[in-house]
Structure formats: C-alpha cells, structure tokens
Amino acid sequence: MFNLDFINVSSNQIVNDLKTKGYFVFEQALTEQYVDEMLQEVDFNQILVNTNDVGVVIAQTYKFLTHCLANSKKTYDLITSRRVLDICQGYFDDIYKLTNHRIYQTSKTSHMPWHTDNNLQVGKQLVDKHNMPGLLFLFYLSDVTQNAFQYVKNSRQWSTQYNHEIYLSDNFIESNYKNDILTFPMKKGTFIVCDIHGVHRAEPFNDHNYTRTSLLFQVDQVGSQYLGHGEKNIVNTEYLDNLTPEIMDYLGFGFRRDYPAFPCSSIATMTPKDILVLQRKLLVESLEALNKSFIKSILPAEAIINAKRLLWYIKSKFPKLINIDSNK
Ligand SMILES: O=C(O)CCC(=O)C(=O)O
Ligand SMILES: [Fe+2]
C-alpha cells in the first residue's frame, strides 16, 4: 500500500507536525500499483440511473463515488489502515469517527472557495461551525499539476473569528494572507493530512484537458453533544476482514448519522453536456427496452418461459454455445 520512504516516517512525527503546524504532506506515499488497483475498482463512466447499487454521480464538473467503502476494497483498507488509525490515535484525545469520505474526479474547471471543514449541518445545509478537533485526509490519485490543494499557514489560529462566514473570499485571503498560502502540486499517491479548522481549498483552474482524481475523508472527535454528526458509512461487509472494537467505533457502528451523502445530486446537478451524453446513452438503452417489452407484450408468457427452458436445456448440453440472462 505505502512506499517504503513513507513507512519509515513515524506516526508520532506526523502527529507532531499536525499539532505544531496543522498539516503534514508526503509526496507519493501510496505506491503507484495501489492507486492503479484502487482506480480499477471505480468506473467514472458509469453514472447511476435507476441502478440498484452504489456508484458514481455528477455534480457540476465533479464526479463522485461517495460510498467508496462499499465499492472499493483498496479504499476500505486505506481508510481503516493502521497508519491512519495511528495518526488518529495520536492526534485525538477522545473517541474519533469517520464522518465523511469520497473519491472524486474534477475535470475542466473548478473554483472552490476558501473554507474550513468544521461544519455542522441540518440536513444538507451547513448551519454552523463546531469546535471539535478533526482531521482532513487527502490522497492524490492522479498527478496534480493544477487544482492543487492549498492551505493557509497558521489559519487554524484565526479561523474561528470568521465562524459567521460560510466561506472566505479570494480577495480577503489574497490581501491579508497571500504569503501564507501553501500550494501542493504533487504526484499521484501523495498524502496530505491537515487540521479541519485550517483555511484551505483546491486551487481554481480552467483547462479542458485536465482532470484531477482524489480520495478525501474526514475524521472528527465527535463528542456526545454532537450526536448524529456525520454522513452514513455504507460498507460492504465482504471487506470487513479486520474488524476490531477500534475499527467498529471509528466506522460508527451503532452511531447515529444525520447528514445526507455529499453531494446531494440529481439531474439538476449535471452540466448540460453531461445531460446530453446521458440522454444519448439512455435513448439507445430505452429503444432496446421498448423493443424487448413490445416482444414480451405480443408473445404469451408461456411461450417466453418455454423459450427460456429450451435455452437452458441447450446451455446445459452445450455450455460453451450460449449464455442466458434469465432476467431478460
Ligand atoms: O480537493 C481538495 O484539494 C480540497 C477539497 C476540500 O477541501 C473539500 O472537499 O472540503
Ligand atoms: Fe475542505
């Protein structure tokens, strides 16, 4: 999973950097092979439409696989890895929980505002800022030359002053903290972890040939006064080969979750171009479906069942000859 150079950095060192500076960055912490295998588990070209599974949705220029703990064993293993848990154990002094996670792909253009991630929500609305300790974990799953993560040095020391603002304006940061902006254009596999109270964003970009792929997850020290804080974690039970009380607690077994999965997507969050691509695909599939339903409507049900019985018989006699999908 991790490159040797990263394995050789102690978790104490990472925690120490987090406590003193508010962030820690390591270029190419994940092996290239691990990232490639992780990406093979995600199909960004398959968008959910009446699909009975977890999968990818579109919100503007982003594609999201929010429920990656249900769809990617590699992601599950990374999010529940000893390394991540050791960092959390060292950093937090009370129970901590995974509060959200997602793999996402940003294409063509994006202008993310400067913000902190200590958000409290009611439904999908951000309503307030909280003061629970929290960590934002970010892994680059592609080489990041544009749209890099940016962090304002020492901003966690003053960000509470702006708790009444949902975002900070580009102008404000540019005029007051220009020299404190750290930008991390780095290679695939890079690991970034920072204090959620620090001001950060992905640097705006506009390049129709560029795509950035990332894994992000957040861990908060959720106290009992914040019952329900966090998105639900949908996990594939097949992946749970390392379950311990520690991991059950971290994943929030039996813990209330009130926030909807991010982003709240629908057809309305798609770009006109993505809607057109989808409509074209749907048209072809709809014609096939109509064709099938027309044939079904003119044939007696008994004839269809008999045809399936015949196919099954032929298949059992000549297995290589035919492949039936009995749902069709
Ligand atoms: O993608 C990034 O670089 C930052 C993302 C982020 O801060 C967020 O989604 O809250
Ligand atoms: Fe953020």
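Have a look at 120, 98, 138 and point out the one that is assigned to a strand (DSSP E or B) and within 14 Å of ligand 2 (Cβ to nearest atom). Steps first, please.
Details: 120 fails: within 14 Å of ligand 2 (Cβ to nearest atom); 98 fails: within 14 Å of ligand 2 (Cβ to nearest atom).
Within the list 120, 98, 138, the selection yields 138.
Scanning region 106-117 for residues that are away from ligand 2 (no atom under 13 Å from the Cβ) and exposed (fewer than 15 other Cβ atoms within 10 Å of the Cβ) gives 109, 111. Set side by side, the residues 143, 93, 128 differ, and just one is more than 16 Å from ligand 1 (Cβ to nearest atom) and part of a loop (DSSP other than H, G, I, E, B), which is 93.
Return the only residue of 222, 193 being touching a residue at least 60 places away in the same chain (Cβ under 8 Å), of a type outside the set (S, T, N, Q), buried (at least 16 other Cβ atoms within 10 Å of the Cβ) and not in a strand (DSSP E or B).
222
Scan region 236-261 residue by residue and report those that are of a type in the set (Ser, Thr, Tyr) and crowded, with 17+ Cβ neighbours inside 10 Å. Give the steps one after another, and end with the answer.
Step one: list which residues in region 236-261 are of a type in the set (Ser, Thr, Tyr), which gives 237, 239, 244, 250, 259.
Across region 236-261, the qualifying residues are 239, 250, 259.
Based on this model, can you work out whether residue 276 counts as in contact with a Lys or Arg (Cβ under 6 Å, 6 or more places away or on another chain) and exposed (fewer than 14 other Cβ atoms within 10 Å of the Cβ)? No, not satisfied.
Show me the helices (runs of 4 or more DSSP H) entirely contained within region 1-68 in which 2 or more residues are buried (at least 18 other Cβ atoms within 10 Å of the Cβ).
Working: elements: 4-7, 11-20, 32-40.
Of the helices (runs of 4 or more DSSP H) lying wholly inside region 1-68, those with at least 2 residues that are buried (at least 18 other Cβ atoms within 10 Å of the Cβ) span 11-20, 32-40.
Among the residues making up region 138-155, a single one is over 17 Å from the mean Cα position of the chain (by Cα) and of a type in the set (Phe, Trp, Tyr): 151.
Remark: residue 210 falls outside the filter, which requires a residue to be part of a strand (DSSP E or B), within 13 Å of ligand 2 (Cβ to nearest atom) and modelled with pLDDT of 95 or more.
The values are calculated or read from the model by the stated rules, or taken from the named source; none is laboratory data. These figures come from a predicted structure and were not determined experimentally. We place every Cβ from the backbone using ideal geometry, glycine too, and count neighbours over all the protein chains shown.
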